[in-house]
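These notes are about the structure you will find just below.
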Amino acid sequence: MRRQETPGAALVTGGLGLIGAQVVELLASQGRPVVVLDDHSSARPGTRRTLPGVRVVRGDVRRAGDLDGLELEAVDVVFHLAAQANVPASVADPRGDFETNAVGTLNVLEWARRREAARFVYASTVAVYQEGAPMPLGEDAPLRPSSPYGASKLAGEALVGAYHRTYGLSTAVVRLFNVYGEGMTKYVIHDLVRKLQANPRRLEILGTGEQVRDYIHASDAAEAFATAAFQAGPGAVLNVGSGVPVRIRDLADRIIAAMGLSGVETRFTGSSWAGDIDAWYADIGRMQALGWSP
């Protein structure tokens with residue numbers, strides 16, 4: 001899909017979050033009118049400031065009426081990033097997780113279909129893949145989620161694919177690996193920094209420290225969403241990560257060094273939460289073929 005000379009309007013759900021805010025800023029810098037739908041539950045600090053051409057509406061994707069009240073008839077592209085993205089939270093409340101990630105996705109798809117959106121980009125996750133699949137993970141790796149979160153996001157993927165095949169909606173699925181950046185308020189990097197700020201002499205880390213992750217900055221993820229929207233073919237499924245495996249043990253050492261600390265006693269709990277996966281990192285060849293690199 002080629003970028004239009006005069007950018008059309010975009011809807012960004014979850015547009016105040018870590019990644020969504022960067023997507024909104026990128027679209028606004030291109031002169032594209034943007035409407036943000038966000039419930040403000042995970043708003044990145046500073047994202048409530050006003051940007052030219054950006055209108056923020058408080059709403060919840062679980063409520064179809066909130067979408068109908070957007071007063072936006074013509075839309076070129078929908079970026080659906082609103083989600084419950086916490087594995088332990090999905091284990092504690094699988095129904096709530098499903099309502100946000102699967103039912104919410106259905107609501108946004110229906111809104112996009114009725115308004116004949118030209119493009120629909122869905123934020124999915126590495127958690128849809130089967131644990132123990134060969135590394136690096138390609139988009140054709142087996143899909144077998146280990147958590148309610150992964151299952152609800154895979155259900156969203158299935159809906160997106162069905163709307164593409166049934167209604168001709170041009171779609172792209174972006175499977176995100178571990179995203180970090182300024183303003184993050186949860187996940188491993190944030191948690192390790194906060195623990196060290198509270199006690200610079202001792203650091204407790206969930207698991208064995210041998211877990212492997214793939215980290216990508218939120219600004220790179222935003223560029224990837226734009227690439228998926230305007231460069232990828234209809235029905236594309238794309239991994240977005242760095243392609244670089246990082247052990248949690250090594251990540252902790254890097255953070256300790258970056259904070260100028262020494263003599264920190266690190267302790268590993270030996271076990272993590274239910275639904276956690278030991279290792280993953282991405283094959284990003286499809287995204288690189290589109291001209292994107294982290």
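The values are calculated or read from the model by the stated rules, or taken from the named source; none is laboratory data. Quick caveat, the model's predicted, so the values are computed rather than measured. As a convention, Cβ positions derive from the backbone with ideal geometry for all residues, glycine included, and neighbour counts pool all protein chains shown. Remember, those area values only see protein heavy atoms, side chains included, never the ligands or the DNA or RNA. Shrake-Rupley method; radii C 1.70, N 1.55, O 1.52, S 1.80 Å.
Data for the structure
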item	result
Selected residue (only one of Ala112, Ala133 is of a type outside the set (Asp, Glu), open to solvent by less than 20 Å² (accessible area, probe 1.4 Å) and over 20 Å from Gly15 (Cα atoms))	Ala133
Qualifying position, being within 23 Å of Ser90 (Cα to Cα), at pLDDT below 95 and crowded, with 17+ Cβ neighbours inside 10 Å, among Val179, Val128, Val188, Val173	Val188
Residue list for the range 250-291, filter: within 20 Å of Gln130 (Cα to Cα), out of contact with any Pro (no Cβ under 8 Å at 6 or more places or on another chain) and of a type in the set (Ser, Thr, Tyr)	Ser271, Ser272
Qualifying residue in the range 272-279 (condition: more than 19 Å from Glu182 (Cα to Cα), surrounded by fewer than 16 Cβ atoms within 10 Å (Cβ to Cβ) and of a type in the set (Val, Ile, Thr))	no
Where a residue in the range 152-170 is in contact (Cβ under 8 Å) with a residue 60 or more places away in the chain and over 22 Å from Pro94 (Cβ atoms) and its partner, wherever it lies, is part of a helix (DSSP H, G or I) and open to solvent by 50 Å² or more (accessible area, probe 1.4 Å), with Cβ under 8 Å and at least six apart	Leu169/Arg113; Ser170/His164
Members of the range 244-264 found to be open to solvent by less than 30 Å² (accessible area, probe 1.4 Å), in contact (Cβ under 8 Å) with a residue 40 or more places away in the chain and closer than 17 Å to Asn178 by Cβ, listed by number	Ile248, Leu251, Ala252, Ile255
Hits in the range 136-145 - residues which are open to solvent by 50 Å² or more (accessible area, probe 1.4 Å) and in contact (Cβ under 8 Å) with a residue 24 or more places away in the chain	Pro136
Strands (runs of 3 or more DSSP E) lying entirely in the range 151-253 (those with 3 or more residues that are touching a Ser or Thr at 6+ places or on another chain (Cβ under 7 Å))	171-176, 202-205
Near pairs, Cβ below 9 angstrom, 6+ apart or cross-chain, from the range 88-116 (free of Cβ contacts under 8 Å to residues at least 12 places away in the same chain) to any residue that is of a type in the set (Asp, Glu) and open to solvent by less than 10 Å² (accessible area, probe 1.4 Å)	none
Hits in the range 146-170 - residues which are open to solvent by less than 20 Å² (accessible area, probe 1.4 Å) and among the aliphatic types (A, V, I, L, M)	Val160, Leu169
